[in-house]
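To start, the structure under review is shown below, and the notes come after it.
Only the coordinates and a few stated rules stand behind these numbers; no lab work does. Every value quoted in this text rests on a predicted model; they were computed, and no experiment measured them. Every residue, glycine as well, gets a Cβ built from its backbone with ideal geometry; the counts of neighbours run over all protein chains shown.
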Amino acid sequence: MNSIRIDELKVGQIFSQPVYIEDDVVLVPAGVAIRGKDLERLHTWKVRSVETEGVLQNAAEMPHDWGFPVADESFNLYTKGIHKIDEVFTRIRDAERVSKNEIEETVLFITDAVEADQKEAIRLVLAGITSRKVYAKDALDTGILSLIIGLRLGNTKSELFQLCCAALLHDIGMQRIPFDLAKLNRTLGARERKALKAHPIHSYKIVREELQLPNEIAQTVLQHHERWDGEGYPRGLKGDDILLNSRIIAVADAFVALISERLWRKSMIGYEAMRVVLGDNQRKFDPEIVKLIIGILGIYPIGSLVQLSDGSIGRVCGVNEDTPLRPEVLILIDKLGAEFRDGGGPTINLHNEGDLFIARVVSSSSLSAKSMAECEE
């Protein structure tokens, strides 16, 4: 890891790997230029240096970043949530006491933030934000999606609290596994797979015995790897015998795992992940929960890059729950090839455009290659 003093950073600099504040907070992702507001944030926080495993690249050689922006305030809340969860995980791993009040404070912080702006919460999950606190980030993302499903089901405050609490703690038992799955870049052996499958039992014991949370929450984390067809673990429960909250978390957790990068595989874009969930065909997941998450995220989740039938290219910026194949799209490159930077293009609601439809999904790398080719002409 290379340490860089703040006075060495300049607006427009681009690094080949993410630049981190402290040990895990991302200042800018890989390939994204440092902005003036990024430097202002560092000075406000009195940060003296940042770290990166990457190298400085020539901005002139870098294509335009087609990722979708996240507001600073939202990013800061999201990062704070990761820190809160990671602190709980770390103390449990180190066998330190964690009070019920601390858990409740964290759950309420996240619940209030999601209820305040569901759309922005979804954007944060899908934005591709990176963190070295892998388990904490995945727990937060799973908690956010589970909460939104719970809100669509009309859950009460108390029910939302239990759902969020279980979602945040569902993988807490991983802290008791004798190896770090997030750092393994190989296929697990038989003993490792057996140890991994024990983590829901560890999660149950931690939630019930150490944190002394209600049995309903403990049972929910115990069952989050049970599957609709009875092929899950640890008890092989089937269908409605699995707690509803466990069925919700199972879908949210699976989607988050698909869009999260791991050492052994690249992350899927939202559309690819949704195709995997849609292709389940009532095997692993409750089909009613799958329908709900499709309505929430759409077939083309927010942030997906798509080419429309007229040849224009845009980024999905909103979902129409009644017509998940026809979302709102912010145009990035119009049908004549003109580019719109910094969100300056028109927004088209495909729900109201009968003759216009999504022809295909495109990748940010293919758009970047297009931009580079045009620059070289």
Give the value in nm², to one decimal: projected area of the alpha carbon convex hull of segment 72-297, averaged over all directions. 11.4 nm²
Could you run the Debye sum over the Cα atoms of segment 2-61, one equal point scatterer each and no solvent, and tell me log10 of I(q)/I(0) at q = 0.16, 0.26, 0.30 Å⁻¹, two decimals? -0.41, -1.15, -1.54
The chain, relative contact order in percent, only Cα pairs under 8 angstrom and at least six apart counted: 12 percent
Inverse mean reciprocal Cα-Cα distance (Kirkwood Rh) of segment 271-358, Å: 13.6 Å
Ordered by fewest other Cβ atoms within 10 Å, a rough proxy for footprinting exposure, Ile144, Ile259 read Ile259, Ile144
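How long are the semi-axes of the equivalent ellipsoid of the chain, defined as square roots of 5 times the Cα gyration tensor eigenvalues? Whole Å, largest first.
35, 27, 19
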GNM top mover of His43, His170, His202 - the chain, alpha-carbon springs below 10 Å: His43
Principal axes of segment 79-143: Cα extent on each, largest first, Å: 36, 24, 15
Over 27 Å between alpha carbons, listed pairs Lys137/Lys205; Lys100/Lys284; Lys100/Lys194; Lys197/Lys238; Lys37/Lys119: Lys100/Lys284; Lys100/Lys194
Diffusion coefficient in µm²/s returned for segment 250-321 by Stokes-Einstein, Kirkwood Rh over C-alpha pairs, 25 °C and 0.890 mPa s, is 188 µm²/s
Between helix 157-169 and the chain: long-axis angle, C-alpha atoms, 0 to 90°, nearest 10: 80 degrees
Positive minus negative residues near Ser309 (Lys, Arg vs Asp, Glu; Cβ under 14 Å): -1
Hey, what number do you get for the chain at 222 nm if only DSSP H runs of n ≥ 4 count, each worth -39500 (n - 2.57), divided across all residues, to the nearest 500? -13500 deg cm²/dmol
Over segment 72-297, what relative contact order in percent results from Cα pairs under 8 Å that are six or more residues apart? 18 percent
Local charge sum around Leu160 (other residues, Cβ-Cβ under 12 Å, Lys/Arg +1, Asp/Glu -1)? -1
Ranked by GNM mean-square fluctuation in the chain (Cα springs under 10 Å), the top entry among Glu102, Glu40, Glu115 is Glu40
Can you sort Tyr233, Tyr20 from fewest to most other Cβ atoms within 10 Å of each residue's own Cβ? Tyr233, Tyr20
Comparing Leu308, Leu153, Leu169, which has the greatest mean-square fluctuation in the GNM of the chain with Cα pairs linked when under 10 Å apart? Leu153
For every other residue with a beta carbon closer than 10 angstrom to the beta carbon of Ser74, add +1 if it is Lys or Arg and -1 if Asp or Glu, then tell me the sum. -3
Cα-based Kirkwood hydrodynamic radius, segment 278-317, one decimal, Å: 11.7 Å
Quick one: Debye curve from the C-alpha atoms of segment 1-155, no solvent, what's log10 I(q)/I(0) at q = 0.09, 0.12, 0.15 Å⁻¹? -0.34, -0.59, -0.87
